[in-house]
Structure formats: C-alpha cells, structure tokens
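The values are calculated or read from the model by the stated rules, or taken from the named source; none is laboratory data. Since the structure is predicted, the reported quantities are computational estimates derived from the model, not experimental observations. Here the Cβ is made from the backbone with ideal geometry for all residues, glycine too, and neighbour counts use every protein chain on show.
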C-alpha cells in the first residue's frame, strides 16, 4: 500500500521506517534540511535500526522523500501526520502544527489524515470541523526514545480514533502487526494517550516518594519493586523501581495539557497537580548529594557518565542531566562528560578515564550498556575526592563496596 508521512523529527522517522518495514511504499515529507540528511543516509535522531531501515528501503526506492507537501507526487489516500509538537509551560503550542495541518488538508493530495502528533483532548474534533473535506483520525503513538522502531513493529496495542470508514482505510496498514487493536472515538483516543503517559508519571512519582524512607529504615526499594511487579494488580513492567524521576518533556507535557484543560473548564485536579512538584523535588537528588559533599563548587571537578535521558538515544531534549551540568558549570564547577551517543555538547571528553581522572565527584547518570562493564574500582582509584553518585543504580552491592569511595545510589538503603 502507498502512504505519506509528514514530520521532521523522531516520530515521523519511526513511522516512515516502520511502515516501510511492514512492506508499504512510503513518501516522507519533511523540512528541506532534514530531507537532505535522509538522502545522505543520516536520519535526524539516533534510534536502533533506523539507519539500517533507511539504507535498505531508501535503496529499494520504497522509502522516498520530499520537502514540499503540495507536490502531487506525494498524493495518497492516507497521510500520517507525525510532526512532534512544540512543548511549552502550559503543555503544547499548536500554532505551527495547525499551519502544517492546514497545508496538508488544503493540498488536496489526501483523503484521510491520521494524526499521531501529541494532541490535547478535543483538538482532532476541532481540526475536523475546520476541514470537512478531509477525514481526520487520531492514531496516538506509544513509542519510546531508544525503542521507537521496535515498539512500532511490536506494540502492546494499537489505538485508532475516528469513524468506521477511517478504520477500513487505516487499519490495513497494520494487518501484519500482531497486537490488540482498539477502534474508539477521537476523544477516547486522545485521552488514551494522555492517560498512558500520566499513569507512568504516577508510578514514578509514587516510588520516588517512597525513597524518602529508604535511608531511614535501610530499605532496598529494588527488592520492594520486584515484589510489587509480581502483584497482578500492579504488573511485571510497572515503573516501581527506584531511580531518577521522569524527564524528556513528553510525560510532563500530558500532565500540563490536562491541568490547563481543567483550569479552563473549572475542573479541580488535586492528584494531577502534585505529580510535577513531587518529580521536580526528587530530581534534585544529584544536586543535593553533591552539595552535601562539596561545599564550594568553584574549581571542583565533576564528571558525568551519560547525559541523555534514555539509555539508547542521542537527543538531549528535556535531559535533566544536561540542565544540571549547565547549572553546576555556572556555579564554578569544571564539568567533564562522556556519552557515546552524544556528539555535540560543550563538556564532552573522549573516554570514561577522562571523566574520573582527578575528579572530586562522578555521577553515573544513565544506565547505558557501555557503562555496565567498566572497571569502576580502577577508575575510582584515579579520583581526587572519591564521591560516586550512581543515579542509574548501575552497580551491584559487591561493585559498590569494592570502590573504596563514598558511594550513593537511589532508594537502595546502604545496599
């Protein structure tokens, strides 16, 4: 089947690669600079399998590119709109998105527009009313940075909001995907996306609150979390293991969207209103622990292993670690960072050895596979003041005790 995907960053790249992998003929419409990158074999974001899919299906000619939505060569019955929307303090700014939707609908190249961009509840109905000549659907994405293509091809479920005719045209694109498929209204699909992200935030905030008891009672919450995951009411994949809070904009976006909707409609949302403050307070963990041990940051040397907010991605968008490094640098600290997925950040060095050498403290920010087998005992021996903050809870009890340092992890008592 032939289809068009519109978007210039993560979401569109995954949709185009995924649909091509499923055997469809895909035309990806993106900004000119992004299109040129694709043509060079360089997608705009790192994702496992994305470059390989681009090489294979771009080479076969089943994944092609355009930078002009009005080009008749882009025409197809179904156009997946997968542009990442702008995140702002109140949730999202849809001005640019609405202009893009207007351009797609006015091009007369498409009959059905399934939107996968992050939409506040009620938005798709508004877009349909503004453009009755096309049929709007909502096809929410449930992807994750670093697992995008894998989760597109093997999702937990598929949700499509719209009328029955939309389902008949869109669902055949996913005939080869073995997953429960839900056909619901536009508003139910929009709310499903909000609810999925916010429920994860609730789980993360819940376990973050419990970490306050960890040191007081020497409780290892990793063990508690594993117990909870065996409870059928919680589930084996629940976000109930201790660690840093959520970041990366997407989860917080959905909370802020519903809080703003509630404010406009006069709906009180006391539970939702506390999630972000709880998370923000918990995410100051690294800074608090550093400042307990380094009274004057001026001239101190602080190393970081990892800056991205997910282990297998290259983006620093919404990374609390990147923000923290900038803050500590502004307070006089010398920052050194090693992250094998990041190519452009001012504190980068070339190896873990450079991060640890003469450092007053080292923060293990992210549990990347490249960090799992490092000889931390040897690396710690090169430090000046031996403080290791394992915010990823990467080390075992034996590894931590062998360091000979002041070792701090999250929610694991004294190990």
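Key figures for this structure:
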{"item": "Any hit, the stretch 172-188, residues being surrounded by 18 or more Cβ atoms within 10 Å (Cβ to Cβ), more than 29 Å from residue 252 (Cα to Cα) and in contact with a helix residue (DSSP H, G or I) (Cβ under 8 Å, 6 or more places away or on another chain)", "result": "yes"}
{"item": "Hey, residue 341 modelled with pLDDT under 95, assigned to a loop (DSSP other than H, G, I, E, B) and in the same structural domain as residue 309 (by TED's automatic domain parsing) or not", "result": "yes"}
{"item": "Pair list, Cβ under 6 Å, 6 or more apart: the stretch 61-87 residue assigned by TED's automatic domain parsing to the domain that holds residue 124 and free of Cβ contacts under 8 Å to residues at least 12 places away in the same chain, other residue surrounded by fewer than 17 Cβ atoms within 10 Å (Cβ to Cβ) and in a strand (DSSP E or B)", "result": "86/93"}
{"item": "Selection within the stretch 45-77 - assigned to a helix (DSSP H, G or I) and surrounded by 17 or more Cβ atoms within 10 Å (Cβ to Cβ)", "result": "50, 53, 54, 57, 58, 74"}
{"item": "Matching residues, the stretch 113-143, being surrounded by 21 or more Cβ atoms within 10 Å (Cβ to Cβ) and part of a strand (DSSP E or B)", "result": "113, 114, 115, 136, 137, 138"}
{"item": "Residue identified as at pLDDT 95 or above, farther than 25 Å from residue 364 by Cβ and not in a helix (DSSP H, G or I) among 267, 255", "result": "267"}
{"item": "From the options 278, 240, 257, residue that is in contact (Cβ under 8 Å) with a residue 40 or more places away in the chain and buried (at least 21 other Cβ atoms within 10 Å of the Cβ)", "result": "257"}
{"item": "Some residue of the stretch 29-44 being under 25 Å from residue 177 (Cα atoms), assigned to a helix (DSSP H, G or I) and in contact (Cβ under 8 Å) with a residue 24 or more places away in the chain", "result": "no"}
{"item": "Residue list for the stretch 375-400, filter: surrounded by 14 or more Cβ atoms within 10 Å (Cβ to Cβ) and in contact (Cβ under 8 Å) with a residue 60 or more places away in the chain", "result": "385, 387, 389, 391, 392, 393"}
{"item": "Residue that is without any contact (Cβ under 8 Å) to a residue 24 or more places away in the chain, part of a helix (DSSP H, G or I) and closer than 21 Å to residue 249 by Cα, where the choices are 199, 213", "result": "199"}
{"item": "Qualifying residue in the stretch 19-31 (condition: within 22 Å of residue 249 (Cβ to Cβ), touching a helix residue (DSSP H, G or I) at 6+ places or on another chain (Cβ under 9 Å) and buried (at least 21 other Cβ atoms within 10 Å of the Cβ))", "result": "yes"}
{"item": "Test: residue in the stretch 222-237 that is in contact (Cβ under 8 Å) with a residue 40 or more places away in the chain and part of a loop (DSSP other than H, G, I, E, B)", "result": "no"}
{"item": "Residue within the stretch 276-284 that is in contact with a strand residue (DSSP E or B) (Cβ under 9 Å, 6 or more places away or on another chain) and over 24 Å from residue 340 (Cα atoms) present", "result": "no"}
{"item": "In the stretch 156-171, residue surrounded by the most Cβ atoms within 10 Å (Cβ to Cβ) [restricted to those that are touching a helix residue (DSSP H, G or I) at 6+ places or on another chain (Cβ under 9 Å) and under 20 Å from residue 10 (Cβ atoms)]", "result": "159"}
{"item": "Flag if residue 146 is in a loop (DSSP other than H, G, I, E, B), at pLDDT below 95 and closer than 22 Å to residue 30 by Cβ", "result": "yes"}
{"item": "Top-ranked residue of the stretch 290-314 - restricted to ones that are surrounded by fewer than 22 Cβ atoms within 10 Å (Cβ to Cβ) and within 26 Å of the chain's Cα centre (by Cα), ranked as farthest from residue 371 (Cα to Cα)", "result": "314"}
